[in-house]
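K.L.:
Starting off with a structure, shown below.
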Amino acid sequence: MFPGKNIRRVGLLEIPHLAPTWTGYLVFLHMFGLTEEALEPETGPKGQAPQAANDSSRPGDEATARAAGAPSGERPADVRAELEAATRKAVENYELYLRARAEADNTRRRAAEEIAKVQKFAVESFAEALLPVADSLERALDAANAADPHKLREGVQITLRQLLTAFEKFQLTEINPAGEKFDPHRHQAISTVPADSAASAPPNHVVAVLQKGWMIADRVLRPALVTVSQGT
């Protein structure tokens, strides 16, 4: 194709050695489908080299740097206003706390005073209810000096009714378990008798009441002293 050609190795390709003329240069480009522009070095923006263009910072990187340095869209005046608002809120909450604490202290003090009064004057009403009983007892003693048994008995009965009325007013009730089944929570057995000797009393029942018991509300104030029949 080219007379008198010599072969020279260029990279991994073997091409004919052409005379160093402009025509030979164009033929060389045409063989490999190249143009002069393709062989010129690439340039970046404004004639800068590609490396220089790559080294330049991108807009996204600039935005990231600004976001890391300071809050975007927030001015010192806004920060100062938020700080003042938070300070006012903290002062308001502290005043509310002090007021609530003072109210709680006053409530505890009043409760302690009421408890002390209740403990000191707990028996005031009960003692007031017993005063008529004391008056009746004095009159009964006067009737005993008059040597009139009938009046003495009548006076004692009136006194007993007054006393029971005072007990009932304060939820004091008597425990009289004659004939009832023995209850260890309300009765205290003093003695036992065989069931066959007890007059019509089933086993484990109260045969006799030696002393009545008393309850205040649902609490046993004094258990009844009783005699119990033995079980079989």
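The values are calculated or read from the model by the stated rules, or taken from the named source; none is laboratory data. Note that this is a predicted model, so its numbers are computed, not measured. Heads up, the Cβs are rebuilt from the backbone with ideal geometry, glycines too, and the neighbour counts pull from every protein chain shown. Ligands, DNA and RNA are excluded from the accessible area calculation, which covers all protein heavy atoms including side chains. Shrake-Rupley method; radii C 1.70, N 1.55, O 1.52, S 1.80 Å.
K.L.:
Once amide H atoms are built 1.01 Å from N in the peptide plane, which residues 5 or more positions from Gln211, or in another chain, come under 5 Å H to H?
P.N.:
Under 5 Å from the amide H of Gln211: Leu225.
K.L.:
Send over a whole-number figure in Å² for the accessible area per residue of the range 153-232, probe 1.4 Å. Each step should come with its number before you reach the end.
P.N.:
Values: 5290 Å² over 80 residues.
Computed with neighbouring chains in place, this is 66 Å² per residue.
K.L.:
Then there is this: Could you tell me what percent of the accessible area of the range 170-225 is made up of carbon and sulfur, with a 1.4 Å probe and every protein chain present? Spell out each step's value before the answer.
P.N.:
Details: 1930 of 3630 Å².
On the range 170-225, the fraction of accessible area on carbon and sulfur atoms equals 53 percent.
K.L.:
Could you order peptides 148-155, 88-95 by the average number of other Cβ atoms within 10 Å of their residues, highest first?
P.N.:
Values: 148-155: 13.5, 88-95: 10.0.
Result, highest mean first: 148-155, 88-95.
K.L.:
Can you list the residues, at least 5 places off or on another chain, whose amide H is less than 5 Å from the amide H of Val193, using H built in the peptide plane?
P.N.:
Val228, Ser229, Gln230
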